[in-house]
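The values are calculated or read from the model by the stated rules, or taken from the named source; none is laboratory data. Everything quoted here is computed from the prediction, not taken from an experiment. Methodologically, a virtual Cβ is constructed for each residue, glycine included, from the backbone with ideal geometry; neighbour enumeration extends over all protein chains shown.
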Amino acid sequence: MQNAGKSSCKCIGSNVLFDSTLGYPGEGWGECAAAPARCLDFEIVTYSASGWAGALQCLQDLPETVQIVLLQEIRTRHDQVPGRALQAQKVGWQIHFAASNTTLAGGVSSGVATAHRPHLRLLGPATPIWEHRCLSVTIHTARYGPLQVANLYQDVYASDEQKYSHLARLWDRLRMVPGRPIIGGDSTCTPTR
C-alpha cells in the first residue's frame, strides 16, 4: 500500500518490512496505518566484532528490521576508514567511526563504529567521546524523533568503579543533548570478574 507523503510498509507475522524506496529521505519507518501496534518496527543491535571482517559480515547478515548497529573492536586505523565506509555502503549501511589505536607492539586495538540504514538521517557530525572507545551519533527517526546513540567499548582492564564512572559521565553528557539517549556496546570484564 502506498500513501501520498507517508512511508509504506507491510506487516508479515509480527515483523514490519520497510521499503526504503518509498517515503521521504530521513523519514525512516514513520507511522504506518498498515502495521498494527504489535509489529516490530525498529531494532538496534550491538556486536563485538573482533576485527573488520567480522563487522562487515555482521552488517551483511542482518535483517531489514535492524536499523542501527553498534560495532566494537573493529580494528580499523584512521587511514582505513574511507575504504571501510565504502565497503559498508555497498552492503546497505552508512557508517561512522572512532578509529582504533595502534599498540606499542604495532598492533591495532579497540575502535568502534556506528552504522545506520541510509534512509535514517544523521543530525550533525558523529562525535568521538573517548578516543578509540566511545562514539556518539544523533539519528533522526520519524516515530521516535532524534535518538542520541552512544556506542561504548569499555576497557577490559578498567575496574568496575571506573566502568560505572564512565557510564555515569556518558549518561550525564547524553542527557544534555536533544534526543532520546541510548547507550549500547561492550562492557567486557576479565575472566576473574
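Looking across Val156, Val81, one residue alone is touching a residue at least 12 places away in the same chain (Cβ under 8 Å), of a type in the set (A, V, I, L, M) and assigned to a loop (DSSP other than H, G, I, E, B). It is Val156.
Of the residues making up segment 88-100, just one is over 16 Å from the mean Cα position of the chain (by Cα) and within 14 Å of Gln57 (Cα to Cα), namely Lys90. Reported count of residues in segment 142-158, each being surrounded by fewer than 17 Cβ atoms within 10 Å (Cβ to Cβ) and modelled with pLDDT of 85 or more, is 2.
Within segment 104-147, the residues that satisfy the criterion of being over 17 Å from Leu70 (Cα atoms) and assigned to a strand (DSSP E or B) are Val108, Gly145. The residue of segment 180-193 that is surrounded by the most Cβ atoms within 10 Å (Cβ to Cβ), among those that are closer than 24 Å to Val69 by Cβ and at pLDDT below 85, is Ser187.
Scanning segment 74-81 for any residue that is assigned by TED's automatic domain parsing to the domain that holds Gly54, acidic (Asp, Glu) and out of contact with any Gly (no Cβ under 8 Å at 6 or more places or on another chain) turns up at least one such residue. In segment 59-79, which residue that is buried (at least 18 other Cβ atoms within 10 Å of the Cβ) and of a type outside the set (A, V, I, L, M) is nearest to the chain's Cα centre (by Cα)? The residue in question is Gln67.
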